[in-house]
Amino acid sequence: MAVRTGTRLWLAGAATAALVLPLGWMWQASLLPDRYDMAAMGYADWGGGPAGAHDHHHGTEVADLVADPSLPADVEETFTVATDGDRFTVNGTTPGPVLRATEGDLVEVTLVNDDVAEGATLHWHGIDVPNAADGVAGVTQDAVMPGEEYVYRFVAEDPGSYWYHSHQVSHEQVQKGLFGAVVIEPRGSGGSDVDEVVLMHQYGGGGTVNGQPGTTTVVAEPGDAVRLRLVNTDNGLATAWLPGTDFRVLAVDGRDLNGPTDVTDVGVEVPAGGRVDLGFTVPADGARLDLSGGASVVVGPGDPDGVRSPGPGEVLDLLDYGEPEAPPFDVSRPDRRFDYVIDRRPGFLDGVPGLWWTVNGGLYPDVPMFMVTEGDVVVFEIVNDSPDSHPMHLHGHHALVLSRDGVAATGSPWWTDSLEVGVGESYEIALLADNPGLWMDHCHNLPHAAEGLVAHLMYDGVTSSFEVGGERVNRPE
Ligand SMILES: [Cu+2]
């Protein structure tokens, strides 16, 4: 009897050890060092193309990938960030000021940190800036601490709608207000009669437009040509609709669509981080834009106290909207093909047990470093096998949507930097590697990024001497 009890106890102990020892190892293996070089994280994935040296000690420094220093600034701004513990502001407001430039301008913005204790940065979301101006703490710069400043310089090459936000503790700082819109006007064009930013954000309650809850009024006359620049700074997908008004989608993620046609009574989806420009002529009795977050915009005559319309029955599909046009590079024979398969499983992330996101089966930081050389044509297949949707954001580049779920795109070229990848969906996208650097490629549902849904695109021969963690406690997510 005693022997049997002992055996049982031994068996129980062995079973416990069999569980605990691997768990202990997994926990230990998941611990991140106090500081680490992002360029050395994960494993190199060459996407089926030739492998380079991937020597992250010798090469071109991220900090040296700058706009031509001899160019004088055409637009010069100082953005001072501050916090009262609850909200973050830029020059005293949230959203911060709209940064306006004209195509071709050299933009120079000095970030000054007044009192944001954990530090801050400015990332120019959707603008394909030189790497040193990308504003990612621990990757392209150190977080700017109170009393310090950092100068961002870039040429505003592509007219369109963009935004800026902190990329230090971004899941907290962005939600609490450290952002603003950017508009790059085309050079020498007449433009619209009325051109307004509609920045959508939820600070913790319902939706707001440019910081205002409820209904915002845009002054316009019947017959005016209007361009509304919808910017989604939230973590989730937004839907916008214009009940009864004919409209067209002029641009997506800062790129004009080719041959967009009028549509009526369909919704338009704006992924987290994404921008959609809507164009329409103001009807005699005005127009009304309703937003899924709960806010509305009345354009021209119309009743600000009017009733919100029920949501749209269907949403516009960009896959076959507008007129096709040949891509500027040959997408049929890419130099590299990468998989970006998103899933979720239990495990440890930096020693913390939980259900964490995976990239190609691995938990952060055991994720691919997508390696390219300048001039490569690169195809990504993003597959979402997880039970939640993910707005995927690649820094420094725009990608052309080739297909969704195996169905080829047949509409206008659809260039994106913030692409909603729904549950079970797969997208094939193509890009030209024409902006050397070390670039984040992550989910813009920012809590998801903080939960490990982060990878990087890296040009062979580029090095970064910045570190995540470290004395500056750089925490990009
Ligand atoms: Cu996500």
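Out of the residues in segment 396-433 meeting the condition of being among the polar types (S, T, N, Q), over 21 Å from Thr358 (Cα atoms) and open to solvent by less than 50 Å² (accessible area, probe 1.4 Å), tell me which one is nearest to the ligand (Cβ to nearest atom). Restricting to residues being among the polar types (S, T, N, Q), over 21 Å from Thr358 (Cα atoms) and open to solvent by less than 50 Å² (accessible area, probe 1.4 Å), the top hit is Thr416.
One line per residue, one yes/no per condition, for (1) part of a loop (DSSP other than H, G, I, E, B); (2) more than 13 Å from Leu453 (Cα to Cα):
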position: Asp339; (1), (2): no, yes
position: Arg345; (1), (2): no, no
position: Phe370; (1), (2): no, yes
position: Gly375; (1), (2): yes, yes
position: Val379; (1), (2): no, yes
position: Asp388; (1), (2): yes, no
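State whether the residues of segment 144-152 include one that is at pLDDT 95 or above, small (Gly, Ala, Ser) and not in a loop (DSSP other than H, G, I, E, B). Scanning segment 144-152, I find no residue that is at pLDDT 95 or above, small (Gly, Ala, Ser) and not in a loop (DSSP other than H, G, I, E, B), so the answer is no. Restricting Asp158, Asp142 to those that are touching a Gly at 6+ places or on another chain (Cβ under 7 Å) and either closer than 19 Å to Ala67 by Cα or basic (Lys, Arg) (or both) reduces the list to Asp158. Tell me yes or no: at least one residue of segment 234-248 is among the aliphatic types (A, V, I, L, M) and open to solvent by 30 Å² or more (accessible area, probe 1.4 Å). Yes: one or more hits.
Considering Arg153, Arg187, Arg229, the condition of being within 17 Å of Gly273 (Cα to Cα) and of a type in the set (Lys, Arg) is satisfied by Arg229 alone.
If you go through segment 434-452 and keep only what is closer than 30 Å to Thr410 by Cβ and within 14 Å of the ligand (Cβ to nearest atom), you end up with Asp441, His442, Cys443, His444, Asn445. Taking residues in segment 70-81 that are within 12 Å of Phe154 (Cα to Cα) and touching a residue at least 60 places away in the same chain (Cβ under 8 Å), and partners anywhere that are hydrophobic (A, V, I, L, M, F, W, C) and part of a strand (DSSP E or B), the pairs with Cβ atoms closer than 8 Å and at least 6 places apart or on different chains are Leu71/Leu106; Leu71/Val155; Ala73/Leu106; Ala73/Val107; Val75/Leu99; Val75/Ala101; Val75/Leu106; Val75/Val107. For segment 365-390, residues that are touching a helix residue (DSSP H, G or I) at 6+ places or on another chain (Cβ under 9 Å) and within 16 Å of the ligand (Cβ to nearest atom) total 2. Looking only at residues of segment 349-361 that are more than 16 Å from the ligand (Cβ to nearest atom) and in a strand (DSSP E or B), we find that the one that is modelled with the highest pLDDT is Pro353. Do we find a residue being more than 16 Å from the ligand (Cβ to nearest atom), surrounded by 14 or more Cβ atoms within 10 Å (Cβ to Cβ) and without any contact (Cβ under 8 Å) to a residue 60 or more places away in the chain anywhere in segment 337-348? Yes - at least one qualifying residue is present in segment 337-348. If you filter segment 285-308 down to residues that are without any contact (Cβ under 8 Å) to a residue 60 or more places away in the chain and in a strand (DSSP E or B), you find that the one that is nearest to Val231 (Cα to Cα) is Asp290. When restricted to residues that are part of a strand (DSSP E or B) and either within 16 Å of the ligand (Cβ to nearest atom) or on the phi > 0 side of the Ramachandran plot (or both), segment 457-477 contains 1. Touching a Lys or Arg at 6+ places or on another chain (Cβ under 8 Å) and in contact (Cβ under 8 Å) with a residue 12 or more places away in the chain: does that describe Asp158? Against the criterion (touching a Lys or Arg at 6+ places or on another chain (Cβ under 8 Å) and in contact (Cβ under 8 Å) with a residue 12 or more places away in the chain), Asp158 qualifies.
Selection of segment 434-463 for residues being more than 20 Å from Ile127 (Cβ to Cβ), open to solvent by 10 Å² or more (accessible area, probe 1.4 Å) and among the polar types (S, T, N, Q) yields only Asn445. Those strands (runs of 3 or more DSSP E) of segment 70-115 in which 3 or more residues are modelled with pLDDT under 95 are absent. Flag set for His393, criterion: within 15 Å of the ligand (Cβ to nearest atom) and in the same structural domain as Val341 (by TED's automatic domain parsing).
The values are calculated or read from the model by the stated rules, or taken from the named source; none is laboratory data. Computed from a predicted structure; not experimentally measured. FYI the Cβ positions are ideal-geometry reconstructions off the backbone, even for glycines, and counts take in every protein chain you see. Remember, those area values only see protein heavy atoms, side chains included, never the ligands or the DNA or RNA. Shrake-Rupley method; radii C 1.70, N 1.55, O 1.52, S 1.80 Å.
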